[in-house]
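What follows is a single structure, written as structure tokens, with notes after it.
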């Protein structure tokens, strides 16, 4: 066994070293193995690819020439050969993430150290060990089928193609929803089964014979998975697991007093306002859910703008919460595209301001009043004759009932009283 | 009649087997140019990227198969040709390296003329290194090893070239941050590093272990050279291209207090101009800083909390701008990626200013800020809690995808959209749920 391991070490050490180095370096840079949670970052694909390649070269040396026949003519069991193939890869799969976790601790900035808990580090390392170990095993399984690295890759691509064909058949041809559960991951077992069968019975056979065995395993799994996936009991079980698709979305007011809760079950939504201080619920009027528009909170007022396809006339719906519950106000006839909303200091009036229009909405009475409307520029002017269009840029609430703005042409300060105090 | 020299005959041999790829590559690139100009996509992939990928694949296969031919011919050439066997291999290598560069130029000229000349250089060098890596790996090991090495190289080193050929957004990102020039230098370094490994392969009958040692050296040298590249890339931030300036305002709910700010993101003059306007009392104050600055919030009507970052610096400072005296005082500073605030500003521009990654509590004691992470990929974000009274800052959440904040400030907690609450006293974050379940 020691000699077999020595042989493997000499044949595989370059790829194993690269795999380990890639794991540690990407972990140290924070772009591979995670120290904050289980799932690794995108650059983990590099060590994973190297793990697969390390595995793909596994049985390459035995399949060359008559070496397998020679090897098995010695007093060596097939299990010892397989173990010697597996051990260096599995050791790398375990040791490299452990070193990666250490590298994260050493190279991460001190501001992150309180987040790098032993649990999070271990979970990140275990995930990487699991994925890269599985990648190595898949590669090793493929290496026993066809000669050389190119042959191993071809076997891998055959496996990937089988999974793709299966997925296409299941989801596109037979129309089973991708949200439903499938036994497709069972395909991952194909290289392992092929590895076990060929390592035990077929290592000295010709390439074509080994390929036939692999294809048979693949076909067997293909049919088995298809039978399971299409069987009525399994489909019923899958549906029972994905049946309850209820989810809830909440939007809190800036004061934290109210929330708009949207509950969706089986693609149907129900919505209500919730007073978080006493748990009271109020039905949300349908007008605040525009097909095309925008919604937002302004203090404890909920604003919703409904726009039609041509942008005007639009409708603004405001839900105000009073001691007697919510009150819905509607303001219409304005183009709300690009409008800014300014609340008066006493929160009783809303100034809708845009580049050519100032309108005040009274949130107590529901009245609306246009303070200023600039003339629109002619639509088509020769470029040479076109002058810069003056537009409103500065506007504010001077007092509870006074709106101020800078005249867009003279830049003079103008104050407009909107009602008696 | 005098016989042509050996060099000419070798040149003729390489030309006769090299011209189809050369012509095909250049023709493909030229045929794709009208589509590149129109921004056509195939399967959500820009046509320019697809063409570059096809050219890269062709060069990978070319490098690997040529090297395999040379390896097989070495023993035969030594006894049958009237010149050193290395000379033939050197001609093969040199001619096709040149051909790879010409193919790169055949594709890169468009970008050099229409966007940035450095992108043309980048593409030429990228094509050269693809050929180089697959040729060396195949010469030392085998054809499949050369293909695998070439593909890996295309994937790892191709980030900048593939990004550079995307429509203006990607090009501006690269040219603004000098990544193109940096990458080009890096490719030249790789070519130089590879030559010491290539020469022994060409001139000696090397045994396998020596070959592997050489390949190992090359791969190690490449890996070492990749570390600064990866490091540099990680230090970069997502920068969404704009016309160079971003103008926005921070306003009190009644509009009476406004801070207008204009950030100049690109070019040498990276600065921010701020104007505080109190319309009600007719006061104004102005500030111009040679840094990216975003106003975080207004403290009563006398001060503005600013967050600033100098170009190229790895720290972000929180400052209090006293508008009465027009003076600034630094409250505290936190580590950050280079140009992280520039990223935040351009994200606000891209996704809308309501998607603010910054929030200040109404009493001005606490702030929450989302910044590109300092440890990890540039498109991950950390949530910082800033305690201005204690002058402390803590990361509450690291490596997250969320880049905007929706905060409800309460006396001792801040509630975040998505079901998390921040304990302001203990600087911790936990999940919370609203009483929304149906009562039994």
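The values are calculated or read from the model by the stated rules, or taken from the named source; none is laboratory data. Values in this document were obtained by computation on a predicted structure and should not be read as measured data. We place every Cβ from the backbone using ideal geometry, glycine too, and count neighbours over all the protein chains shown.
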Task: Index of the failed condition, residue A:88 passing every other in (1) in contact with a helix residue (DSSP H, G or I) (Cβ under 6 Å, 6 or more places away or on another chain); (2) closer than 29 Å to residue B:400 by Cα - done: (2)
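The rows are residues; the columns are (1) over 30 Å from residue A:73 (Cβ atoms); (2) surrounded by 18 or more Cβ atoms within 10 Å (Cβ to Cβ); (3) modelled with pLDDT under 80.
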residue: A:174; (1), (2), (3): yes, no, yes
residue: A:178; (1), (2), (3): yes, no, yes
residue: A:187; (1), (2), (3): yes, yes, yes
residue: A:200; (1), (2), (3): no, no, yes
residue: A:232; (1), (2), (3): yes, no, no
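The rows are residues; the columns are (1) touching a residue at least 40 places away in the same chain (Cβ under 8 Å); (2) within 17 Å of residue B:164 (Cα to Cα); (3) surrounded by 20 or more Cβ atoms within 10 Å (Cβ to Cβ).
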| position | (1), (2), (3) |
| --- | --- |
| B:88 | yes, no, yes |
| B:96 | yes, no, yes |
| B:102 | yes, no, no |
| B:105 | no, yes, no |
| B:112 | no, yes, no |
| B:123 | yes, yes, yes |
| B:132 | yes, no, yes |
Open item on the list: Restricting to the range B:246-262, give me the number of residues that are more than 24 Å from residue B:290 (Cα to Cα) and more than 9 Å from every other protein chain (Cβ to nearest Cβ).
Closed with: 0
Task: Filter result for the condition that a residue is within 14 Å of chain A (Cβ to nearest Cβ) and closer than 20 Å to residue B:246 by Cβ, over B:377, B:332, B:369, B:385 - done: B:369
TODO: Determine whether the range B:28-41 contains at least one residue that is within 24 Å of residue B:152 (Cβ to Cβ), in the same structural domain as residue B:114 (by TED's automatic domain parsing), over 25 Å from the mean Cα position of the chain (by Cα) and in a helix (DSSP H, G or I).
DONE: yes
Open item on the list: Going through B:347, B:355 one at a time, which residue ends up being away from chain A (no Cβ under 11 Å), buried (at least 21 other Cβ atoms within 10 Å of the Cβ) and out of contact with any strand residue (DSSP E or B) (no Cβ under 8 Å at 6 or more places or on another chain)?
Closed with: B:347
Task: Enumeration of residues in the range B:404-420 that are at the interface with chain A (Cβ under 9 Å from one of its Cβ atoms), under 34 Å from the mean Cα position of the chain (by Cα) and not in a strand (DSSP E or B) - done: B:406, B:417, B:419
Open item on the list: Looking at (1) surrounded by 22 or more Cβ atoms within 10 Å (Cβ to Cβ); (2) away from chain B (no Cβ under 14 Å), which one does residue A:143 not meet, given that it meets all the others?
Closed with: (2)
Task: Lone unmet requirement of (1) touching a strand residue (DSSP E or B) at 6+ places or on another chain (Cβ under 8 Å); (2) surrounded by 22 or more Cβ atoms within 10 Å (Cβ to Cβ); (3) not in a strand (DSSP E or B) for residue B:280 - done: (2)
Open item on the list: If I go through the range A:108-126 residue by residue, how many of them are within 14 Å of another protein chain (Cβ to nearest Cβ), out of contact with any strand residue (DSSP E or B) (no Cβ under 7 Å at 6 or more places or on another chain) and closer than 18 Å to residue A:32 by Cα?
Closed with: 8
Task: Residue list for the range A:41-58, restricted to those being under 20 Å from the mean Cα position of the chain (by Cα) and at the interface with chain B (Cβ under 8 Å from one of its Cβ atoms) - done: A:41, A:42, A:43
- [ ] Among the candidates A:365, A:389, single out the residue that is out of contact with any helix residue (DSSP H, G or I) (no Cβ under 8 Å at 6 or more places or on another chain), modelled with pLDDT under 90 and closer than 19 Å to residue A:298 by Cβ.
- [x] A:365
Open item on the list: Please verify whether residue A:105 is modelled with pLDDT of 85 or more, in a helix (DSSP H, G or I), out of contact with any strand residue (DSSP E or B) (no Cβ under 7 Å at 6 or more places or on another chain) and more than 12 Å from every other protein chain (Cβ to nearest Cβ), treating the condition exactly as stated.
Closed with: no
- [ ] Say whether the condition of being without any contact (Cβ under 8 Å) to a residue 24 or more places away in the chain, over 27 Å from residue A:155 (Cβ atoms) and away from every other protein chain (no Cβ under 13 Å) is met by at least one residue in the range A:80-97.
- [x] no
TODO: Report, by residue number, each residue of the range A:11-34 that is facing chain B (nearest Cβ under 9 Å), modelled with pLDDT of 85 or more and more than 18 Å from residue B:148 (Cβ to Cβ).
DONE: A:25, A:26, A:29, A:30, A:34
Task: Residues within the range A:99-111 that are surrounded by fewer than 20 Cβ atoms within 10 Å (Cβ to Cβ) and touching a helix residue (DSSP H, G or I) at 6+ places or on another chain (Cβ under 6 Å), tallied - done: 2
TODO: Take residue A:135 and decide whether it is part of a helix (DSSP H, G or I), within 13 Å of chain B (Cβ to nearest Cβ) and crowded, with 17+ Cβ neighbours inside 10 Å.
DONE: no
